[in-house]
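Engineer: One structure coming up, written as structure tokens, with questions to follow.
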Amino acid sequence: MDLDKISGQKSAVQYLYPPIDPFDQRMMEMPGGHTIYFEQCGNPDGIPVIVLHGGPGGGCSPAMRRYFDPAVYRVVLFDQRGCGRSRPHASVENNTTWDLVADIERIRETLDIEKFIVFGGSWGATLALIYAETHPENVSHLVLRGVFLMMQRELDWFYGGGAGQFWPETWANFVSLVPKDECDDFIGAYHRRLFSGDIPLETRFAKTWSSWENALASVYSNGRGDEAPGEYARAFARLENHYFVHGGFLEFDGWILENVDRISHIPSIIVQGRYDMICPPKSAYDLAQAWPNAELRMVRNAGHALSEPGISAELVRAMDQIAESIS
């Protein structure tokens with residue numbers, strides 16, 4: 001879950017490092033007919049860190065390069081299958097969590113990186129945890145934000161009316177497109193339209209799906225989500241919905257927490273907004289309780305978005321502290 005690309009990064013700029021350009025940009029062919037965009041920026045000989053964006057379907061933005069001291073870190077960013085600059089756009093074919101885990105491994109091997117820090121927020125935190133639990137030997141640290149554990153209780157909260165209790169007028173807009181007899185399963189109802197083959201219909205539902213999430217991303221929200229461009233919204237909504245319909249392609253509900261012992265030795269910093277409406281703090285709390293090496297940093301006046309000042313400040317601080325501890 002994430003719409004960080006379009007949720008007002010300017011407010012956090014004071015905490016970020018200056019804008020930088022990549023020193024390396026590539027399109028890499030992956031199995032299953034996908035071509036993945038990835039880039040490197042910062043110090044080519046620095047501490048490797050890979051950035052996992054939210055969504056699924058959110059794509060990377062230039063602001064995501066700025067959480068890391070460019071003199072210290074070698075920063076790898078990539079657009080996951082079907083979104084951003086990766087192709088084919090908005091495609092869900094051969095697009096599962098396990099494909100993404102394999103893509104991260106291929107990028108790591110291609111760049112000859114032994115271990116890296118994995119940095120991810122929202123769905124990016126989900127993917128970071130799944131990758132680390134699958135390949136713990138390749139991860140030195142985890143830095144997570146707005147934790148989403150890909151559990152049914154989280155989907156029920158956001159798409160079953162929980163968050164709508166706080167934002168009834170915004171929720172009313174989200175449910176208004178769905179016939180009354182389908183209101184017992186909004187994810188399923190949207191799925192039928194997002195994959196109807198009727199592009200105008202898909203785009204209309206995609207914009208409303210994306211707008212619901214964007215409206216609740218910031219603690220400073222007025223409840224109106226800026227309408228995402230059609231092409232972006234269609235990839236974001238289709239991929240997110242596809243992953244949620246399939247339970248994140250995990251074997252069972254609660255898989256991440258059940259396997260946290262695999263990463264118990266890996267140091268982690270978890271940054272969580274106290275008033276996160278999209279990914280409520282209980283998941284971050286439960287994760288930290290089960291993970292001896294995780295430090296939970298609850299940000300008092302913050303919601304979900306990467307671009308919120310308190311969240312950005314804490315993430316930059318975390319990366320600076322890790323750099324200090326390694327050097």
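The values are calculated or read from the model by the stated rules, or taken from the named source; none is laboratory data. If you're wondering where the values come from, they're calculated on a predicted model, not measured in any experiment. Please note: Cβ atoms are built from the backbone with ideal geometry, for glycine as well, and neighbour counts cover all protein chains shown. Ligands, DNA and RNA are stripped out before the accessible areas are found, and what is left, the full protein with its side chains, is counted by its heavy atoms. Shrake-Rupley method; radii C 1.70, N 1.55, O 1.52, S 1.80 Å.
Engineer: Picking from Ser312, Leu194, Val118, whose Cα lies most toward the positive end of the charge dipole for the chain (charges on Cβ: Lys, Arg +1; Asp, Glu -1)?
Structural biologist: My answer, from the dipole projection, is Ser312.
Engineer: What ranking, highest mean first, results for peptides 90-103, 244-257 when packing means the other Cβ atoms within 10 Å averaged over each residue? The partial results should precede the final answer.
Structural biologist: On the way: 90-103: 18.2, 244-257: 16.6.
Ranked from most to least packed, the peptides come out as 90-103, 244-257.
Engineer: Could you provide, to the nearest whole Å², the per residue accessible area of the chain with probe 1.4 Å? Don't skip to the end; give the middle numbers.
Structural biologist: Values: 12710 Å² over 327 residues.
About 39 Å² of surface per residue is accessible.
Engineer: Assign unit charges at the C-beta atoms only (+1 for Lys and Arg, -1 for Asp and Glu), then state the dipole size of the stretch 236-316 relative to its Cα centre in Debye, rounded to the nearest 20. Before the final figure, lay out the partial values.
Structural biologist: On the way: 6 positive and 10 negative charges, 47 e Å.
That gives a dipole near 220 debye.
Engineer: Now, a different point. Only bridges with both residues in the chain count here: give the DSSP antiparallel percent, nearest 5. It would help to have the intermediate numbers written out before the result.
Structural biologist: On the way: 13 of 38 bridges.
Looking only at bridges with both residues in the chain, the antiparallel portion is about 35 percent.
Engineer: Something else: From the C-alpha gyration tensor of the stretch 104-154, pull out the three semi-axes of the equivalent ellipsoid (sqrt of 5λ each), sorted largest to smallest, in whole Å. Numbers along the way, then the final one.
Structural biologist: Details: eigenvalues 97, 20, 16 Å².
For the stretch 104-154, the semi-axes come out at 22, 10, 9 Å.
Engineer: Taking K and R as +1 and D and E as -1, what net charge do the other residues with C-beta under 13 Å from the C-beta of Ile104 add up to? Don't jump to the answer; show the numbers that get you there.
Structural biologist: Numbers: positive: Arg81, Arg106, Arg108, Lys115; negative: Asp79, Asp99, Asp103, Glu105, Glu109, Glu133.
Here the charged neighbours net out to -2.
Engineer: Further question: Given the -39500 (n - 2.57) contribution per DSSP H run of 4+ residues, what per-residue ellipticity at 222 nm results for the chain, rounded to the nearest 500 deg cm²/dmol? Could you put the intermediate results ahead of the total?
Structural biologist: Values: 10 runs with 114 residues, N = 327.
Result for the chain, helices only: -10500 deg cm²/dmol.
Engineer: Let me ask you something else. Kindly write out, for the stretch 23-29 in residue order, the coupling ³J(HN,Hα) from the Karplus curve 6.51 cos²θ - 1.76 cosθ + 1.60 (θ = phi - 60°), rounded to whole Hz, with x marking Gly and Pro.
Structural biologist: My calculation for the stretch 23-29 gives 9, 8, 9, 9, 10, 10, 6 Hz in order.
Engineer: Moving on to the next point. Show me, for the stretch 200-217, the HN-Hα J-couplings you get by feeding each phi into the Karplus relation (A = 6.51, B = -1.76, C = 1.60, θ = phi - 60°), rounded to Hz, glycine and proline as x.
Structural biologist: x, 5, 4, 5, 4, 5, 5, 5, 6, 4, 5, 5, 4, 5, 4, 5, 9, 5
Engineer: Give me the dipole magnitude in Debye, nearest 20, for the chain about the Cα centre, with unit charges on the beta carbon: positive for Lys and Arg, negative for Asp and Glu. It would help to have the intermediate numbers written out before the result.
Structural biologist: Numbers: 28 positive and 43 negative charges, 151 e Å.
Taking the Cα centre of the chain as origin, the dipole is about 720 debye.
Engineer: Turning to a different aspect of this structure: Short version: ³J(HN,Hα) in whole Hz for each residue of the stretch 92-101, in order, from phi by Karplus 6.51 cos²θ - 1.76 cosθ + 1.60 (θ = phi - 60°), x for Gly and Pro, what are they?
Structural biologist: Taking θ as phi minus 60°, the curve returns 9, 6, 6, 10, 10, 3, 6, 5, 5, 4 Hz for the stretch 92-101.
Engineer: Carbon and sulfur atoms: what percent of the 1.4 Å accessible area of the stretch 9-104 do they account for?
Structural biologist: Values: 1860 of 3560 Å².
About 52 percent, which is the carbon plus sulfur part of the accessible surface.
Engineer: Please give the net charge around Arg317, taking every other residue with its beta carbon less than 13 angstrom from that of Arg317, where Lys and Arg add +1 and Asp and Glu add -1.
Structural biologist: On the way: positive: Arg145, Arg297; negative: Asp69, Glu295, Glu314, Asp320, Glu324.
With Lys, Arg at +1 and Asp, Glu at -1, the net is -3.
Engineer: Given H placed on each backbone N at 1.01 Å, which residues far from Ser140 in sequence or on other chains put an amide H within less than 5 Å of it?
Structural biologist: Phe116, Ile117, Val118
Engineer: Just one of [x] 15.0; [y] 16.0; [z] 18.1 is mean projected area of the Cα convex hull in nm² calculated from these coordinates, so which is it?
Structural biologist: [x]
Engineer: Taking amide H atoms as placed 1.01 Å from N in the peptide plane, list the residues 5 or more away in sequence, or in a different chain, whose amide H sits under 5 Å from that of Thr35.
Structural biologist: Met30, Arg87
Engineer: Oh, and also: Using a probe of 1.4 angstrom, how much of the accessible area of the stretch 127-175 is carbon and sulfur, in percent? Don't jump to the answer; show the numbers that get you there.
Structural biologist: Numbers: 900 of 1540 Å².
C and S atoms contribute 58 percent here.
Engineer: Could you tell me the distance between the Cα centroids of the stretch 57-97 and the stretch 163-238, to the nearest Å?
Structural biologist: Answer, in whole Å: 23.
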